[in-house]
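Structure first, then comments.
Just so you know, all these numbers are worked out from the coordinates, no wet-lab data involved. For clarity, every value in this text was computed on a predicted model and none was experimentally measured. Cβ coordinates were reconstructed from backbone atoms using ideal geometry, including for glycine residues, and neighbour counts include every protein chain displayed.
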Amino acid sequence: METVLESDIEEQPRSRELDMTDDSCPESHRINSADEIRLLAIADNFRCQYSHLFPDRKPLLLCPLNECGVRKFVSTTLRPTSPMYPELFTWEGCASFVADFMSLDPLEPPIDLPRYLFSPASVLHTQRASCFEFATLLCSLLLGTDYDAYCVSGYAAKEMCLLDQSLQDCPLLCTNIQVHSLIDYLIMKTITDEFCHPQVLILRHHEQQSFDPLRGLWVHCWVLVLSGSRSVQENFFIDPLTGIRYNTAAADFLGIESVWNNLNYYVNMQDCSAGCRLSLMLKLDFILNEKLLFDLKEEEEESWVFEMPRSWVSCITISKKDLETRWPGGQKVTRYRGARLEKFSPYLRPDGLLKQLVSYKDLDCELKEWYQHRTDHLQEREVNKIDNFTTEHFKYGRPFHLLFHRYQTLTADGIHEMEFSNGHVNHLVRRLVSSGEMTETFENRADFLSYRRVVFGRHVQFSEEQVNSEPDIQLLQVVERFYRNRSKPASEDVAERVFLVTERRIEVTYHLEDLRFIPSKRSFIKPRDSTEQKKAGDFTPDMVSSFQVDPSEKLIKTLTLYEMLVALMKDEEKVTCEIFSCEQVRDIVSCRQQEEGDIQLFLSPWTTAGTAKAHRQRQIMERLAVEEQRWQQEKEKDILAPILIRLDNTQTLSVEDAKQLHRDCLAEFKQRLVEHANLIRERYDKETQELQRKQHWYQQNQLTMTKQEEEGYQTFCSEKTLQISVTQRRLSMHKEAAPLKYRALDQRLRQDPRLAPHMII
């Protein structure tokens with residue numbers, strides 16, 4: 001074992017290098033073992049041969065410096081680590097965590113290989129890394145989860161090297177495209193077909209790429225995953241800066257110099273000036289078929305294979321807090337084409353905000369927010385600045401069973417579109433309140449009601465005043481539709497009924513019968529209501545007009561029609577009362593206003609942030625409880641507190657106020673002593689009277705008493721005699737102690753710092 005000194009390197013280490021002394025840094029970071037020294041010698045020998053055979057090629061990344069300034073071979077910097085958490089058991093989880101957890105330190109200069117390659121444990125601590133350190137950490141995690149992963153050193157597009165995603169579409173916008181109608185579908189299909197044309201795609205690709213004089217020279221490092229392990233069907237690349245998977249023929253990767261894992265190092269013997277795509281077209285296996293370091297044969301007769309030394313890197317530890325905090329500082333901002341995405345750690349924001357996406361369209365923008373752990377169960381909110389509508393999505397379990405709410409202003413007066421879960425008491429699924437109109441949709445009701453549309457004379461406001469008073473809004477029309485009730489004939493099963501309130505008319509449409517195209521219908525005219533001047537109108541057959549699909553059916557009698565009209569009129573009154581007593585819109589809006597005014601979060605015990613916050617709240621509550629108890633004790637000890645409340649100014653007391661307080665306090669204490677003595681005396685008198693009554697009863701019934709009654713009498717007399725004796729003793733002790741307590745209080749008052757200056761005679 002010996003220390004490797006870098007005497008030929010005089011430059012200062014990177015600005016973000018850890019301030020690690022020889023004692024704080026592990027020994028494997030500061031000292032190379034004998035096998036590592038032999039490995040460095042082999043690498044230096046290979047570097048000389050490579051530069052001699054390929055003088056025009058750039059040097060390879062073989063033995064960069066670690067955080068302690070010691071040369072380490074790149075393969076030994078990889079330490080396969082099996083994560084503890086299920087979130088990191090797949091390549092998607094590992095890539096996402098690495099991309100989110102660390103910030104990028106771009107290479108300086110960007111066309112040269114880095115001189116430093118810090119260990120994965122170090123970059124996890126600082127949360128800052130170059131692209132090579134990104135790839136090293138990701139490859140270590142993938143190797144630990146049984147992926148056939150490799151670090152790739154090569155060249156990539158400028159935007160990929162600088163983590164510039166301003167020319168890419170936001171993934172959240174691409175996955176949330178919705179087509180709402182056939183016309184929209186046809187328009188979208190036309191646009192999609194146009195932009196999917198190869199020439200158009202090529203044009204867009206060239207528009208995105210600005211002129212870059214260093215194109216093909218930007219050094220980058222990424223991860224290669226080969227097929228075979230973990231059910232991987234085909235080879236693919238992973239950009240560690242974004243965690244995105246790419247095909248091996250992706251145009252953003254421009255060339256490969258070398259590839260390595262924890263067991264070997266491979267060099268691309270082809271000329272990669274034509275780009276990475278040409279090499280990959282000749283199959284990736286060709287790149288990996290030259291084992292140039294560890295299958296070398298010496299010129300001696302015996303051949304030997306050098307085994308890779310064990311990794312010098314400290315244990316890679318990812319805590320639960322790291323998984324939850326995720327981003328450096330708890331938040332991260334990513335700019336896309338026409339969009340800005342900001343992510344936050346759980347419990348970082350007091351409103352529970354997790355993600356905020358702002359998408360721009362000309363001068364207007366659309367804001368989309370995702371929430372978590374909120375007591376109001378809010379999951380998602382979308383604010384469209386174009387039409388000024390706000391859309392909110394909720395989880396199951398919130399009050400009023402609300403799942404969806406779309407509105408312009410959070411007031412009862414306005415347009416509100418709501419959706420409810422199947423636990424609603426009225427089986428209400430959807431409600432739309434607009435100017436002068438309300439539409440409701442129902443499911444699974446016992447009366448088979450599916451739809452209700454209400455038209456008002458003017459814009460309706462479900463305010464508290466209208467609920468508690470007689471409504472002055474004119475109800476024009478109510479339309480109700482019903483599902484088919486198979487227990488009734490179609491000619492008797494109502495499909496739709498319309499209450500034309502102002503016309504005093506009710507129209508009923510029945511369900512279609514089998515093999516019929518026109519339903520049966522009836523129209524009723526309500527009789528005149530009774531007034532002080534006129535009596536109620538009589539029902540006549542002329543008030544009903546019917547259309548029967550089957551002319552062979554027997555006509556309905558007038559009495560039956562009258563009963564049908566009476567039932568419909570009762571239903572109309574019931575529906576009218578239900579509409580005007582609909583407080584839920586107002587209650588929901590009021591509840592949402594209160595929730596937004598005082599946002600509360602659930603404290604999940606399964607998260608470190610939630611546990612820490614709950615612990616802090618518990619400490620605050622315990623401290624407040626201790627302060628409350630201390631204040632209560634001090635208040636109980638302060639005998640002047642009840643009397644000082646009567647004074648307006650207790651800070652400065654005059655002589656008259658001090659003497660009056662002294663007299664009042666003594667007088668109240670004397671009164672309490674007298675009341676206590678009277679209470680004891682009353683208790684003594686009560687016990688004495690009960691004993692005397694019992695003795696008088698005994699004298700009257702002595703001759704007729706049984707043995708049990710006589711024993712009970714003796715027991716009663718003994719207990720009462722004892723109670724009387726104890727009470728008499730307490731009264732005597734009170735009379736003896738009262739003067740002493742009175743004098744002690746007087747002395748205490750005279751020594752009180754608030755009264756003492758004024759009590760000197």
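Say each of R528 and E573 gets a label point 7 Å from the Cα, pointing the same way as Cα to Cβ; how far apart are those two points in nm?
2.0 nm
Rounded to whole Hz and in sequence order, give me ³J(HN,Hα) for region 411-421 from the Karplus expression 6.51 cos²θ - 1.76 cosθ + 1.60, θ = phi - 60°, writing x for Gly and Pro.
9, 5, 8, x, 8, 9, 10, 10, 10, 10, 7
Which far-off residues, 5 or more places away or on another chain, put their amide H under 5 Å from the one on W218, with H placed in the peptide plane?
Distant-sequence amide H within range of W218: A156.
What is the packing order of peptides 383-389, 138-144, 655-661, taking the mean over residues of other C-beta atoms within 10 Å and listing the highest first?
Descending mean neighbour count gives 138-144, 655-661, 383-389.
Along region 560-576, what does the Karplus equation 6.51 cos²θ - 1.76 cosθ + 1.60 (θ = phi - 60°) give for ³J(HN,Hα), rounded to whole Hz, x for Gly and Pro?
Coupling constants for region 560-576: 5, 5, 5, 5, 5, 5, 4, 5, 5, 5, 5, 5, 5, 5, 5, 5, 4 Hz.
Roughly how many Å is it from the Cα centre of region 685-761 to that of region 135-174, as a whole number?
Comparing the Cα centres of region 685-761 and region 135-174, I get a distance of 90 Å.
Calculate, axis by axis, the spread of Cα positions in region 210-268 along the three principal axes, and write the results as whole Å, longest axis first.
Extents along the principal axes, in whole Å: 41, 23, 19.
Could you check the spin-label model distance between L624 and M84? Points 7 Å from the Cα along Cα→Cβ, value in nm.
3.4 nm
For the ranges 394-403, 746-755, what's the packing order if you count other beta-carbon atoms within 10 Å of each residue, average per peptide, and put the highest first?
Values: 394-403: 17.0, 746-755: 13.9.
Going by the mean number of other Cβ atoms within 10 Å, highest first, we get 394-403, 746-755.
For region 684-761, with equal point scatterers placed on the C-alpha atoms only and solvent neglected, what are the log10 I(q)/I(0) values from the Debye formula at q = 0.14, 0.17, 0.20 1/Å, to two decimals?
Relative scattering, expressed as log10 I(q)/I(0), comes to -0.63, -0.76, -0.88.
At a Förster radius of 25 Å, what calculated FRET efficiency corresponds to the Cβ-Cβ distance of L214 and D148, to the nearest 0.05? Could you put the intermediate results ahead of the total?
Values: r = 32 Å, r/R0 = 1.30.
The calculated FRET efficiency here is 0.15.
When N counts the residues of region 647-720, how does its alpha-carbon radius of gyration compare numerically with 2.2 N^0.38 Å, as a ratio? Mind showing how you got there, number by number?
Numbers: Rg = 25.2 Å, N = 74, 2.2 N^0.38 = 11.3 Å.
Here the answer is 2.23, to two decimals.
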